[in-house]
């Protein structure tokens, strides 16, 4: 897509000068030679590779471990921007949890005709076996990663609700560590809120939703499919930062509806499992019987209320792209007010009128598989070839109910280091929202993904996207050069020191405690 | 601690130790090989293959027994389970699976060593190999340092336990091969061949200066053997490794309340070691003594896996 006329988050609309609140960043970009930016970017990427922050790309050789490209130019949100976003995110996530409690419970929203029953009950992500089961504390989606896009100063849209096992939070944390080390001057210019509280908040959230009666110090674990999984680094990183065990299915067994882990001192009872395995694979007795990643009997233990699964099984019905199109209604239904964060306009191809419109405008639209993710199964009309468009046309006619279509948005851009200097590139944003016994919490930050190819709108890491640090500011930017900014720098320094300390001081034997 | 985590840490310890040992062996062999005009240089690479128990497999590979081929086989060949590359692959695989139980520094040392070797398909003769070996030794030292700065709990103890078991095995094999080759029954020792050979052994366990300090004497095979087998002051001696295994099992036992067959076997071996003198060892047959030691070491390894439910 043409970047002219699109909103640049630092420079605003089509001018060369930065928005006044980001003037210092504009100067920083102008005054730091591209070669110096490049040097720092390479240093960051070398550090990521050394830490092993890699991901595997499905379909490539198992041995191929890539790092996600990191861009040295940060993206910045002002305090008022962030406050408005936060309100919208809290409202949205509360609605998602209310919706899940409802569809696995009384199903009022269906009875009231707000959402068509077949969209929920015939949804492949809906787990009929779990109807009637409410998780401890009634929370289903403890961790949500809501994907947002922006088209103007005040125009934010939700692109996708990730309510299953959203990933990427380790990049939020590691990108910040890299920026603190490589660009400390930015933290003197801007009062940036720290993100390194995330692991503590996550641990608190996990403990707060333990089954009742599991004592003062519930045993929490992170369940990973294993080190061949593309997000394994993140699994190990989070377990590490929280000081809990990182377990694989073979480390767990279920006895009499109670989950135990195998340790060198004998079995230890597990109360909360932050699982990074999809529903389909989590329990071969209930779901995919072929799965070797799962723990037989886990779902029975969950239904008996003896263990909390984070996120609960069956949350996929809330972030499905077909349900997505009903989110404005769902938010209104549970919160009683309009959604503060609007959806991107969405054509449900299951509806004949929408299908006709979609087929007539394929070259202008983005078409997505209802159950696809990661940028797979997606058509970006304006950049697609004739053959690709025709292939999608045939697929749409054959199975219209599997697709939705959305207009191609003029996604905002952020200055990004490219081969020909700093230039605008399209971005999206994924903040992480935690819901626990203590309410909803959002760490001031998130994952900014950037499409590194000029004009590209696809930011997925599996499709060549990169990441940036996302800085949320504390105060009005006019104070950024004053004492407030300096104080914040000190905060930033102790922040990176704190992370290092927690690394070395982390108690190793989580099972002992 | 998860049993799987303990098992992986133990194997990380073993594989890093084995990689370092192979690196040292290659370094010492290059040195010996450069003496090839003298008789001791003959068969230098052959005996390196014997020490790593890779002789048979190398023969099967059908490659010519040239220094370049053997050195590549010991350094980079995937088919050789004792090659530095195979050891680092295995160490990193285990380390990656238990990232959370390692400190950042310990992980980085392993990952850096692995990255350094990843894209290499050949070693450019002696100097190239030496540089490679130097780097690997430095990473291994870095890893050991990082392990000693980790929390003093099961995590670091299982790493050290694996290293101690592996070190005992490696040193025993090294003495066995060299001693066996060089000291035929009844032959007088002290000639120039022995001198070169024994110096090579001392280089492999980085104990050239240690020998001088402990014995203040010329190279005498019986004393070299005594030092490598019985002297507790030498960290790579069989006695030192034996003590270390006992101590680590004690620490783990106190922490987890789990003691058993592994502790019993390790203490038994320690008692036998306390009673041994180099004269008895030589009189009873050095090769027999070392073979028995290697088998016993394997038995302790098995007992450890069972006691902590590795499998």
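The values are calculated or read from the model by the stated rules, or taken from the named source; none is laboratory data. Every value quoted in this text rests on a predicted model; they were computed, and no experiment measured them. Reconstructed Cβ throughout: ideal geometry from the backbone, glycine too, with neighbour counts over all protein chains shown.
Some observations on this one:
- Test: residue in region B:165-176 that is modelled with pLDDT under 85, assigned to a helix (DSSP H, G or I), more than 14 Å from every other protein chain (Cβ to nearest Cβ) and surrounded by fewer than 24 Cβ atoms within 10 Å (Cβ to Cβ): yes
- Scan of region B:90-106 for residues that are under 17 Å from residue B:10 (Cβ atoms), touching a helix residue (DSSP H, G or I) at 6+ places or on another chain (Cβ under 7 Å), more than 7 Å from chain A (Cβ to nearest Cβ) and assigned to a helix (DSSP H, G or I), ordered by number: B:90, B:91, B:92, B:94, B:95, B:106
- Among (1) more than 14 Å from every other protein chain (Cβ to nearest Cβ); (2) assigned to a helix (DSSP H, G or I); (3) at pLDDT 80 or above - the single one residue B:197 does not satisfy: (3)
- Residue check for residue B:141: closer than 29 Å to residue B:295 by Cα, outside any loop (DSSP other than H, G, I, E, B) and out of contact with any helix residue (DSSP H, G or I) (no Cβ under 6 Å at 6 or more places or on another chain): yes
- Test for residue B:38: is it over 18 Å from the mean Cα position of the chain (by Cα), modelled with pLDDT under 85 and more than 14 Å from every other protein chain (Cβ to nearest Cβ): yes
- Answer residue from region B:1-10, given it is more than 16 Å from residue B:111 (Cβ to Cβ) and in contact (Cβ under 8 Å) with a residue 24 or more places away in the chain and is nearest to the chain's Cα centre (by Cα) among those: B:10
- Within region A:55-172, strands (runs of 3 or more DSSP E) holding 2 or more residues that are within 20 Å of residue A:436 (Cβ to Cβ): A:143-152, A:155-162
- Among residues of region B:247-263 that are modelled with pLDDT under 90, those with a beta-carbon under 6 Å from a residue that is assigned to a loop (DSSP other than H, G, I, E, B) at least six positions away or on a different chain give the pairs B:256/A:264; B:256/A:265.
- Residue B:82 being in contact (Cβ under 8 Å) with a residue 40 or more places away in the chain, in contact with a helix residue (DSSP H, G or I) (Cβ under 7 Å, 6 or more places away or on another chain) and not in a helix (DSSP H, G or I): yes
- Spans of helices (runs of 4 or more DSSP H) in region A:215-330 with at least 2 residues within 12 Å of chain B (Cβ to nearest Cβ) and either within 18 Å of residue A:139 (Cβ to Cβ) or under 20 Å from the mean Cα position of the chain (by Cα) (or both): A:232-242
- Unmet criterion (only one of (1) outside any helix (DSSP H, G or I); (2) surrounded by fewer than 18 Cβ atoms within 10 Å (Cβ to Cβ); (3) in contact (Cβ under 8 Å) with a residue 40 or more places away in the chain) for residue B:232: (3)
- Checklist (1) at pLDDT 95 or above; (2) within 27 Å of residue B:307 (Cα to Cα) applied to residue B:289, failing item: (1)
Residue by residue, here is whether (1) surrounded by fewer than 18 Cβ atoms within 10 Å (Cβ to Cβ); (2) over 26 Å from residue A:131 (Cα atoms); (3) within 18 Å of the chain's Cα centre (by Cα) holds:
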residue	(1), (2), (3)
A:83	yes, yes, no
A:90	no, no, yes
A:95	no, no, yes
A:103	no, no, no
A:106	yes, no, no
A:112	yes, no, no
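- Which listed residue is within 14 Å of another protein chain (Cβ to nearest Cβ) and in a helix (DSSP H, G or I), from B:161, B:136: B:161
- Any hit, region A:176-194, residues being more than 22 Å from residue A:445 (Cβ to Cβ), buried (at least 23 other Cβ atoms within 10 Å of the Cβ) and within 20 Å of the chain's Cα centre (by Cα): no
- Tally, over region B:115-145, of residues that are over 16 Å from residue B:24 (Cβ atoms) and within 19 Å of the chain's Cα centre (by Cα): 1
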